[in-house]
1. What is the one condition in (1) surrounded by fewer than 21 Cβ atoms within 10 Å (Cβ to Cβ); (2) at pLDDT below 95 that Val403 does not satisfy?
2. In the stretch 562-576, which residues are farther than 22 Å from Val502 by Cβ and under 27 Å from the mean Cα position of the chain (by Cα)?
3. Could you check how many residues of the stretch 485-539 are of a type in the set (A, V, I, L, M), in the same structural domain as Asp665 (by TED's automatic domain parsing) and in contact with a Phe, Trp or Tyr (Cβ under 8 Å, 6 or more places away or on another chain)?
4. Out of the stretch 295-325, which residues are farther than 30 Å from Leu686 by Cβ, out of contact with any helix residue (DSSP H, G or I) (no Cβ under 7 Å at 6 or more places or on another chain) and surrounded by fewer than 16 Cβ atoms within 10 Å (Cβ to Cβ)?
5. Considering (1) part of a helix (DSSP H, G or I); (2) without any contact (Cβ under 8 Å) to a residue 24 or more places away in the chain, say which one Asp644 fails and leave the rest.
6. It is to be established whether one or more residues within the stretch 649-670 are among the hydrophobic types (A, V, I, L, M, F, W, C), modelled with pLDDT of 95 or more and surrounded by fewer than 15 Cβ atoms within 10 Å (Cβ to Cβ).
7. Scan Tyr444, Tyr456, Tyr490, Tyr480 and give me the residue that is assigned to a strand (DSSP E or B), more than 30 Å from Ala90 (Cα to Cα) and either of a type in the set (Ser, Thr, Tyr) or touching a residue at least 40 places away in the same chain (Cβ under 8 Å) (or both).
8. What number of residues within the stretch 394-424 satisfy the criterion of being in contact (Cβ under 8 Å) with a residue 12 or more places away in the chain and over 36 Å from the mean Cα position of the chain (by Cα)?
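The values are calculated or read from the model by the stated rules, or taken from the named source; none is laboratory data. These figures come from a predicted structure and were not determined experimentally. Here the Cβ is made from the backbone with ideal geometry for all residues, glycine too, and neighbour counts use every protein chain on show.
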Amino acid sequence: MYLMRKFIILSVIIVSCELLADESIDYQEFDNPYSQNTWGSIGLIQNPSARFSDDGEFLFGVSSESPYNRIFGRAQFFPWMEAIVRYTEATYSSYNFGSPQTWKDKGFDLKIKLLDESDYLPALAIGAIDFGGTGFYSSEYVVASKRYGQFDLTAGLGWGRFANSGACWLKTYDPTLCPDKRGQIDNPVGWFFDSYNTRGRGASLGGTFNLGSMFSGPEASFFGGIEYFTPIDNLSLKVEYDSHDYKEVIGREYVFYEEGNLFGLDSSFNFALNYRLRPAKREKVDLSLGLVRGNIIYANIAVHSNLNELSEDKFTAPPEVINKKTLKEFSKLKEGYQNYLSNLIFWQMNNEGIVTHQLTFNEDEMIAEISQGRFRKTVQALDLAGRILANNSPKNIEKITIVNLDQGTETLRASINRSELVNSVLKGPVDEELFSFNEEENLYSSAITKVNETLYPNFSWSIRPHMSGTLQHQIQFYFYQLEALLSADYAIKKGLYLSALVGIDIDNNFEKYTYHIPDGELYHVRQDRRLYLREGESGIRRLAFDYIFSPSRNLKGRITGGILEWMYGGIGGELLYAPDHKMWALGLDTYWVKQREFDQKFSFKDYETVTGFLTYYYDLPFYDMRFKISAGKFLGKDKGVLMDISRRFETGARIGARVALTDCDAACVGEGSFHKSIYFNLPMDLFYVNRTTRSFAPYEWSPLTKDAGQKVATGNLYNLVSSAQDEVDSLRRKPWSFGKIFSGFSRHPKYKHLLDLVFQVDFFLF
């Protein structure tokens with residue numbers, strides 16, 4: 001205790017000297033140096049701050065401070081919003097009676113920026129911790145942070161566990177259960193609304209959002225601290241006052257040491273050092289070590305990346321002199337030379353990883369239908385294909401059009417003037433602004449088409465490792481499977497494909513996967529996943545025909561039949577209307593499906609149903625966001641809507657969330673209350689050093705896999721059609737933006753000191 005008091009006095013002296021010596025330092029000159037706390041939020045050690053990461057930052061970390069261990073993921077979803085998903089392990093308690101697992105609790109946090117820091121005003125934020133599910137660690141806060149030179153000061157007011165009433169709310173608040181008032185002040189919200197003086201109970205079933213308990217409870221407490229950025233590069237020192245007294249609930253009984261707490265609290269002051277490593281341009285690693293509660297060593301490690309920060313292009317087209325046009329008009333060439341020229345283009349394209357389906361010579365226009373998986377950025381493929389076409393074009397060609405095909409259907413059409421292309425590539429990569437996209441097609445009767453006869457039928461296969469897993473079970477925290485995925489595709493003709501996917505088990509621990517989530521009232525359309533994992537370790541994941549067609553330019557269709565996914569087989573179809581240069585699309589799908597046996601071979605169970613949806617897609621005009629809403633009948637025969645909102649980042653990564661609301665209510669669903677999930681769609685391009693690819697690695701996390709709000713996994717026409725266009729910057733530009741509105745009240749230079757002036761006048765008057 002003597003050493004800690006001495007350290008605190010020394011810190012105060014250092015702060016005072018720094019403020020006197022260098023008040024003029026602008027906080028904005030510093031790179032974003034702020035690190036996470038033990039909960040995963042940008043902050044001190046236990047406490048949050050009003051700081052945020054850079055827009056698009058994505059983090060994964062682990063922390064330990066006995067008896068707690070935590071793993072967490074954090075995304076800076078907007079410049080003004082931080083979102084966290086977290087698992088907390090309490091090593092002092094078992095999951096339930098007889099369970100070999102320690103207690104694990106899922107948590108979801110949000111922090112919202114209210115105000116950017118200015119010369120006189122601090123940064124201001126409001127947040128909620130663990131406001132979904134059990135809410136065992138639920139708390140809310142308002143916090144402010146102000147930078148002075150090398151010091152960042154934070155102070156806040158907290159409710160729930162910050163005021164030591166977090167454990168008490170698990171039952172209807174009873175002062176006799178928590179007799180010692182640890183909070184520092186009466187709840188200020190309760191001054192105006194008496195109902196907020198009681199910390200309300202959450203729902204009896206997990207999975208709900210505990211909105212009714214926010215900012216409630218008999219008391220609130222102050223917290224705060226200082227982070228000092230030392231002269232040693234990337235090293236900072238954190239000191240904080242922690243208002244928690246760490247009461248806990250074991251089962252339904254409150255257990256305390258004679259000191260009044262479970263963990264032997266020796267001090268309310270915590271200390272930590274944080275050091276930042278920068279192993280790569282976009283990535284960084286935070287290492288933290290400290291002392292909490294006066295007697296516990298604290299450690300934290302987190303790996304950051306930014307989904308908005310593009311690394312250097314792995315392929316950059318060099319400056320090139322395009323050959324002068326010497327060939328006479330294509331129609332005037334002999335048929336043999338026509339075939340030679342077409343085959344030459346097919347060959348050159350193939351050498352660059354681009355498949356050419358056909359060439360059309362339409363008066364003064366050359367049209368090439370291509371497909372490619374080499375480049376994530378569509379414009380890079382257009383650039384390379386355009387150079388090859390321009391180098392081999394007859395002298396009458398003035399316009400080059402490249403049609404991108406995905407699974408045989410047109411997903412993008414780009415046209416460019418040949419002379420502008422020639423002049424642009426003299427400097428390097430082609431200027432994207434020179435392309436016009438999705439123009440109307442006008443084929444003349446004199447047009448000549450040369451088809452690549454070698455494409456169909458075509459067989460291809462590949463094998464790759466695949467790791468899958470599931471979290472949070474009473475028997476084992478993490479179940480995994482390492483398998484080899486053997487995929488095979490047989491392209492019968494343009495738009496008609498037979499695809500197969502077989503999983504070959506390498507290693508798994510599914511033999512321990514015996515716990516069954518408590519039943520809901522619906523048939524087990526997804527809840528028996530543990531049985532599929534155990535009995536179908538190796539099996540057929542997909543074996544189906546797909547026919548994709550286009551009745552008109554903006555109308556796409558698909559018919560699918562066979563083994564559709566690992567749990568269901570059947571037949572169905574989809575129609576999508578996606579007009580050019582519009583921000584919306586409309587889809588309709590319906591499927592008859594039959595549930596497969598657990599071994600994932602060729603046999604089926606008795607359960608069958610018809611499912612179908614009407615889906616509206618809309619690209620929101622800010623932050624490159626996309627909204628989807630589907631209404632219809634789900635696999636469990638429940639009816640309702642599935643809402644999906646996501647954001648695309650500059651790297652091509654997409655993060656989103658899904659929520660299903662059906663006529664199967666919380667009691668019908670059982671534990672979990674309703675279906676919800678968070679998903680990540682990360683481009684494999686991020687993980688390669690010298691290689692670029694269009695491939696993506698999808699991952700979806702759902703707290704509980706239940707039967708309500710479930711759809712058959714058949715793929716999606718809209719995702720197919722929009723994939724190429726999503727990688728074209730000019731097609732994603734929107735006429736307006738909410739960015740400035742939701743950036744924390746950032747101010748136009750014209751009004752730079754307006755809020756500061758108001759603050760000063762207010763201070764003078766009062």
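1. (2)
2. Quick first cut of the stretch 562-576, residues farther than 22 Å from Val502 by Cβ only: 572-576.
Answer for the stretch 562-576, where residues must be farther than 22 Å from Val502 by Cβ and under 27 Å from the mean Cα position of the chain (by Cα): Glu574, Leu576.
3. Total meeting the criteria: 3.
4. Let us first name the residues in the stretch 295-325 that are farther than 30 Å from Leu686 by Cβ, namely 295-298, 321-325.
Remaining after also requiring out of contact with any helix residue (DSSP H, G or I) (no Cβ under 7 Å at 6 or more places or on another chain): 295-298, 321, 324-325.
Scanning the stretch 295-325 gives Asn295, Ile297, Val321, Lys324.
5. (1)
6. Our first condition is that a residue be among the hydrophobic types (A, V, I, L, M, F, W, C); within the stretch 649-670, this holds for 649, 653, 655, 657, 659-661, 664, 666-669.
Next cut, modelled with pLDDT of 95 or more only: none.
Looking for residues that are among the hydrophobic types (A, V, I, L, M, F, W, C), modelled with pLDDT of 95 or more and surrounded by fewer than 15 Cβ atoms within 10 Å (Cβ to Cβ), one finds none in the stretch 649-670, hence no.
7. Working: Tyr444 fails: assigned to a strand (DSSP E or B); Tyr456 fails: assigned to a strand (DSSP E or B); Tyr480 fails: more than 30 Å from Ala90 (Cα to Cα).
None of the others qualify; the one that does is Tyr490.
8. Filtering the stretch 394-424 down to residues in contact (Cβ under 8 Å) with a residue 12 or more places away in the chain leaves 394-422.
From what's left, over 36 Å from the mean Cα position of the chain (by Cα): 394-400, 417-422.
Of the residues in the stretch 394-424, 13 are in contact (Cβ under 8 Å) with a residue 12 or more places away in the chain and over 36 Å from the mean Cα position of the chain (by Cα).
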